[in-house]
1. How much of the pair distance distribution for region 5-104 lies past 16 Å, counting alpha-carbon pairs only, in percent?
2. Does region 24-70 come out rounded, prolate or oblate by the C-alpha gyration tensor, with a ≥ b ≥ c the root eigenvalues, rounded set by a/c under 1.5 and, if not, prolate when a/b is larger than b/c and oblate if not?
3. Would you calculate a helix-derived [θ] at 222 nm for the chain, using -39,500 (n - 2.57) for each DSSP H run of n ≥ 4 and dividing by the full residue count, to the nearest 500?
4. Under 19 Å from a label point 7 Å along Cα→Cβ of residue 12: give me every residue in region 26-62 with its amide N that close.
5. Output the 0 to 90 degree angle, nearest 10, between the alpha-carbon long axis of helix 58-74 and the longest principal axis computed from the alpha carbons of the chain.
6. Using the crude model of +1 on Lys and Arg Cβ and -1 on Asp and Glu Cβ, and no other charge, please compute the dipole size for region 5-104 relative to its Cα centre, in debye to 20.
7. Are there cysteines in the chain with no other Cys C-beta under 4.7 Å, and if so, which?
8. How would region 51-113 be classified by its alpha-carbon gyration tensor: rounded, prolate or oblate, with rounded meaning a/c under 1.5 and the a/b versus b/c comparison settling the rest?
Amino acid sequence: MADCIFCKIAAKETQARVIREDDDLVAFYDLNPQAPTHVLIVPKKHIPSLSGACRQDIELLGKLQYAAREIASELGIAEAFRLVLNNGRKAGQSVDHIHYHLMGGRRLMWPPG
Ligand code: AMP
């Protein structure tokens, strides 16, 4: 998608602090971190939201989650982290390209706001 910021990061048209990349996904630090460790895990395929995903995306969605588990280990937060997916404006989604937030490094309260 031409005007999608996460597509541009995946295509290296926009800079980001990338910590992992493979054929399917890219992971990079959030510009506006909400925790000491805050990484976004994003598929290269443009999927607007979880509601916009289809059955063909099931394997890809699993890869995103497994990448989160591996990155959490690499960044030393495996013991306690949160994986968040905001779906829809009222749930806090501001970028219309599906992404997981991986957050850790501080006590994370529940319920979230
Ligand atoms: P959400 O509100 O769930 O859609 O999350 C979007 C996230 O993307 C926010 O936490 C933003 O801080 C982050 N973000 C937006 N643009 C960039 C960017 N260019 N590089 C890194 N993070 C970004």
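1. Percentage above 16 Å: 53.
2. Taking the square roots of the gyration eigenvalues as a ≥ b ≥ c, region 24-70 is prolate.
3. Taking each H run of at least 4 residues, the total per residue is -6000 deg cm²/dmol.
4. Under cut-off, by backbone N: 26-29, 42-46.
5. The angle comes out at about 40 degrees.
6. Using Cβ point charges on Lys, Arg, Asp and Glu, region 5-104 gives about 320 debye.
7. Lacking a cysteine Cβ partner under 4.7 Å: 54.
8. It is oblate, given that a/c is not under 1.5 and a/b is not larger than b/c.
FYI, it's all coordinate maths here, none of it is from the lab. None of the values given here were measured: they were computed from a predicted structure. We place every Cβ from the backbone using ideal geometry, glycine too, and count neighbours over all the protein chains shown.
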